[in-house]
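First up is the structure itself, then whatever we jot down about it.
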Amino acid sequence: MTPAIISRRTITVFGAALATLVLVFVFVTLRVGGDLGVVAASDIGETVVVALAALVLFDSARRLGVGTSLGRPWLLVASGAASFAVGDAIWAFIEVGMGQEVPYPGLPDAFYLLEYPLVAMGVLSAGLAFRGLIPLKRPAVLAVALGVVATAGIYVGLLAPAVLTAPDVSAGERLLSALYPLADTWLMVVPAVFVLGVVSMLGGGRLAWPWIAVGVGAVLIAASDIGYSWLATYDLYESGAIVDYGWGLGHAFMMLCALIARDLADPQPPAA
Amino acid sequence: MQVYEAVSTALEPYVGVIVANTCVRATAISLGKTADALDRSDLPELESRIRGLLAPVAAPAVIEDAIITLRRTIETGALT
């Protein structure tokens with residue numbers, strides 16, 4: 001990615017998201033404001049980053065044309081990020097505003113789960129748009145094969161020894177803790193691997209750039225979800241845990257890909 | 001430089017070498033030619049084909065940029 005293509009706007013907005021996450025990390029590490037400060041920094045910081053990502057994604061979709069094959073994937077990914085941001089805002093309201101523990105399963109989970117099908121549809125539709133240029137069968141087979149292997153790994157490494165057998169866990173919590181990693185695998189990682197397989201055939205061509213960032217974002221979000229499921233199952237999760245950064249960072253990367261897509265479509269003055 | 005090389009040069013920054021060459025070969029076949037038999041008279045068909053292939057994945061400004069690069073390469077590239 002050359003500086004001549006990536007605009008100052010992209011560097012500034014992505015940098016602001018990263019700076020926010022670094023600030024959260026500093027607040028949490030130094031325990032600024034005690035326990036409440038840690039929880040507030042973690043919850044509010046993540047909400048701000050994900051909401052910023054949703055706004056940027058919506059704006060990119062609008063500029064690229066929401067009714068076109070170019071803008072539609074971004075509209076779907078933006079809707080998913082917005083849903084996640086609403087879930088985060090509710091989580092922060094309960095935990096910081098009301099001073100209560102967030103129920104699990106709870107209302108935020110409904111919004112978190114809604115992100116999966118929206119992102120999956122967005123990413124898959126982006127990959128399918130390349131069908132006139134690239135044969136899609138091989139990346140599709142590769143993605144599904146990876147999904148099967150990952151599902152087996154999640155069952156052996158997480159579901160069987162922890163989620164499905166942990167004592168004193170409600171059926172709803174057990175179901176949700178199983179659903180998150182499986183949804184991550186099939187609705188986040190598999191579509192991302194598919195689109196990465198598609199754009200890898202572009203050999204570094206500019207049209208591939210945005211979707212490489214999507215892949216990174218999807219993997220980070222999936223890793224956080226799987227980590228959260230494990231921690232929640234053993235009642236070890238606390239706001240400010242390392243898994244929290246994956247959600248913010250993953251959405252920041254999805255925002256980055258939308259910014260790059262805009263840069264490609266609407267050249268701006270180059271960065272210094 | 002031949003016409004097929006000029007087309008590949010114009011497309012390569014966006015879709016990479018392999019896909020660019022595939023586009024050129026596919027267009028040549030649709031015209032009943034081989035890639036190295038393409039000449040200036042095939043340019044309108046080549047441009048149309050490029051627009052059609054890139055339209056689902058690239059913004060209009062990107063497609064125009066590729067077409068302008070192609071025309072510029074052909075004008076200044078001393079075609080053989």
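Would you work out what percent of the accessible area of the protein assembly as shown, with all protein chains in place, is carbon or sulfur (probe 1.4 Å)?
About 69 percent, which is the carbon plus sulfur part of the accessible surface.
Helix A:137-154 versus the longest principal axis of chain A: what angle, 0 to 90°, nearest 10, using Cα atoms?
10 degrees
What order do you get for A:221-227, A:159-165 when each peptide is scored by the mean count of other beta carbon atoms within 10 Å, highest first?
A:221-227, A:159-165
Would you work out if chain A is rounded, prolate or oblate? Take a ≥ b ≥ c from the square roots of the eigenvalues of the alpha-carbon gyration tensor; rounded if a/c is under 1.5, else prolate when a/b is larger than b/c, oblate otherwise.
Oblate is the answer for chain A, as a/c is 1.5 or above yet b/c matches or exceeds a/b.
To the nearest 100 Å², how much accessible surface do chains A and B cover up together, summed over both, with a 1.4 Å probe?
Buried area (both sides, nearest 100 Å²): 1300 Å².
Taking the Cα-to-Cβ direction at residue B:76 and at residue A:234 and moving 7 Å from each Cα, how far apart do the two end points lie in nm?
Rounded to a tenth, the inter-label distance reads 6.3 nm.
Label-point separation (nm) for residue A:137 and residue A:62, each offset 7 Å from Cα along Cα-to-Cβ?
4.3 nm
So which trypsin sites (Lys or Arg not before Pro) in region A:1-98 end up in coil per DSSP with only 14 or fewer other C-beta atoms within 10 Å?
For trypsin sites (Lys or Arg not before Pro) across region A:1-98 that sit outside H, G, I, E and B with at most 14 neighbouring Cβ atoms in 10 Å, the list reads A:31.
For peptide B:22-32, compute the average count of partner chain beta-carbon atoms within 10 Å of each residue's beta-carbon.
Per residue, the average neighbour count from other chains is 1.
Any residues in region A:121-160 that have 50 Å² or more less accessible area with all protein chains than in their chain alone, probe 1.4 Å, and which are they?
SASA drop of 50 Å² or more in region A:121-160: A:133.
What residues of region A:183-222 lose no less than 10 Å² of accessible area with every protein chain in place versus their chain by itself (probe 1.4 Å, heavy atoms only)?
Residues of region A:183-222 that lose at least 10 Å² of accessible area once the other chains are added: A:201, A:202, A:205, A:206, A:207.
Give me a single rounded figure for B:47-59: the average over its residues of other chain Cβ atoms within 10 Å of their Cβ.
4
Accessible area per residue, 1.4 Å probe, Å², for chain A: what's the number?
43 Å²
Filter the DSSP H helices in chain B by two things, a Kyte-Doolittle mean of at least 0.5 and an axial alpha-carbon span of 15 angstrom or more, and list the hits by number.
B:3-30
The values are calculated or read from the model by the stated rules, or taken from the named source; none is laboratory data. As the structure is a computational prediction, the values presented were derived from the model and not from experiment. With ideal geometry, Cβ positions are generated from the backbone for all residues, glycine too; neighbour counts draw on all protein chains shown. Keep in mind that these areas ignore ligands, DNA and RNA; they rest on the heavy atoms of the full protein, side chains included. Shrake-Rupley method; radii C 1.70, N 1.55, O 1.52, S 1.80 Å.
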